[in-house]
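Each reported figure results from applying straightforward, stated rules to the coordinates on display, with no laboratory input. Small disclaimer: the values here were computed from a predicted structure and weren't measured. Using ideal geometry, Cβ is built from the backbone for each residue, glycine included, and neighbour counts are taken over all protein chains shown.
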Amino acid sequence: MSARNILVINCGSSSIKFALINEAQPHFTLSGLAERLGSPQAELHWKNAEGKRSELIQGADHRQALSRILPLAEKAAGGQLHGIGHRVVHGGEHFTSACLIDQAALQAIAATAALAPLHNPANLQGIEAALKLFPQLPQVAVFDTAFHQSMPEHAYRYAVPEALYRQHGVRRYGFHGTSHRFVSQRASELCQLDYQASCWLTAHLGNGCSTAAVVNGHSQDTSMGLTPLEGLVMGTRSGDVDPNLHGHLARTLGWSLEQIDQMLNKESGLLGLSGLSNDMRALEEAREQGHAGATLAIEVFCYRLAKSLAAMGCALPRLDGLIFTGGIGENSPLIRSRTVAHLRLLNLALDETANAQCIRGQEGAIQAAGHPRVLVVPTNEERQIALDTLALLPA
Ligand code: AMP
């Protein structure tokens, strides 16, 4: 059988990210982004063997954009497209792994929309458009939450009245599961350990950030919760705050729920602390220039990250290694170094020369000799989605 091609689609409310993955090739054969969908400025950008291109797709919606993306994918796949993998943010308790999309799956994804009102409807829009355009192709949904469905109940329950869990699904779900799984698996390969008998702490640090404890290939705990706001300091998200903050702001400042949601999700995190930017590169540069807000934002980010990793340690019987990934985790020796400095209790220490070398896609071990493993492992959520899709294709 020749190597198969999978198109991976990630639909946001006004954007579609896509990548074509050939199972035998390490790099994407085609990748791109359709953005500002539904507006006169809608644009499609893509990169293939011929280089980079952009075109205006004025007023295009998800379906129109996909009808333009598909011929590009078919051409890049030499006419041999075998399936489509869709990223879906929330699978609730229904989805513990990826699934072939049929009518029942569509209904179950729609039923979890209350848990992810911004994301799931957009994901569904993309799936429905793709099903209409390519009814003959097998299509698979891969969920950000599914990997964390193995968490034990003591890790996923909140200490709130039981009825909120039983009747309304109020519990911790966790996100970035595709990434935590990909990097923990890759780390096991790199270290020649059996994934099914390995224990990892993982830190996915991008615009969204989360930690996880992965034991024998199963997530045992993670820092995000009911929504992706819980846990670490992120680009514009606050992470953990006192749950009474909502009431306090409503009572003292008269803020509405919408204002508080907006502040915690879009105006907080690195941006809120620094008063400057949500972008770690910009903050590192400003810190070099002595900017107090940027310096503080970085210190809080690293301390809170270390605190979360130490807490995740409760879920591990032993530590085979700590893994850094995501745009920040893969590219920032400073953040890795400041974070590990808070983890002396776990006996972690870095070799700063190795740490400085692991940037721009370079994977490897960065711990000091005689200390537990610390690895930088570039994530590849698209490839993991393609692998999950391939695994479900009819034989
Ligand atoms: P992601 O969401 O995984 O694409 O990650 C985005 C984050 O990675 C942003 O905060 C970027 O500033 C950060 N990032 C990318 N490259 C670097 C770098 N060289 N140094 C520090 N942060 C970086």
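General observations
- Range in the chain, longest, excluding exposed trypsin sites (Lys or Arg not before Pro) [loop by DSSP; at most 12 other beta-carbon atoms within 10 Å]: 1-317
- Calculated log₁₀ intensity ratio I(q)/I(0) where the Debye formula runs over C-alpha points of the chain, q = 0.09, 0.10 Å⁻¹: -0.56, -0.69
- The spacing between segment 42-108 and segment 143-209, judged by their C-alpha centroids, is 25 Å.
- Here's the list of lysines a cross-link from K75 could span, going by alpha-carbon distance under 24 Å and ignoring same-chain residues fewer than 8 apart: K17, K47, K52, K132.
- A Förster radius of 45 Å combined with the Cβ-Cβ distance from W255 to S97 puts the calculated FRET efficiency at roughly 0.65.
- In terms of its Cα atoms, segment 330-379 spans 29, 20, 19 Å along the principal axes, sorted from long to short.
- Sites R344 and Q25, calculated FRET efficiency, Cβ-Cβ separation with R0 45 Å, nearest 0.05: 0.60
- Taking a span of 27 Å or more along the helix axis (Cα atoms) and a mean Kyte-Doolittle hydropathy of at least -0.5 as the rule, the DSSP H helices of the chain that qualify are 292-312.
- Out of every Cα-Cα pair that segment 37-86 contains, those further apart than 17 angstrom amount to 40 percent.
- Surface/4 of the Cα convex hull for segment 293-340, nm²: 3.6
- Using a cutoff of 8 angstrom between alpha carbon atoms and counting only pairs six or more residues apart, the relative contact order for the chain works out to 14 percent.
- Theoretical ellipticity at 222 nm over the chain - DSSP helices of four or more residues, -39500 (n - 2.57) apiece, nearest 500: -11000 deg cm²/dmol
- Dimensionless Rg/Rh of segment 242-342 - Kirkwood Rh, Rg from C-alpha atoms: 1.05
- Counting every pair of alpha carbons in segment 172-265, the share spaced more than 23 Å apart comes to 37 percent.
- Counted by Cβ distance under 13 Å from L393, the other residues give a net charge of -1, where Lys and Arg count +1 and Asp and Glu count -1.
- Calculated FRET efficiency, E153 to R63, Cβ-Cβ distance, R0 = 25 Å: about 0.05 to the nearest 0.05.
- Charge dipole of segment 51-125 (Cα centre as origin; +1 on each Lys and Arg Cβ, -1 on each Asp and Glu Cβ, all else neutral): 340 debye, rounded to the nearest 20.
- Computed from point charges on the beta carbon alone (+1 for Lys and Arg, -1 for Asp and Glu), the dipole magnitude for the chain about its Cα centre is near 80 Debye.
- Calculated SAXS-style log₁₀ I(q)/I(0) at q = 0.11, 0.15, 0.19 Å⁻¹ - segment 100-235, Debye, Cα scatterers: -0.48, -0.85, -1.15
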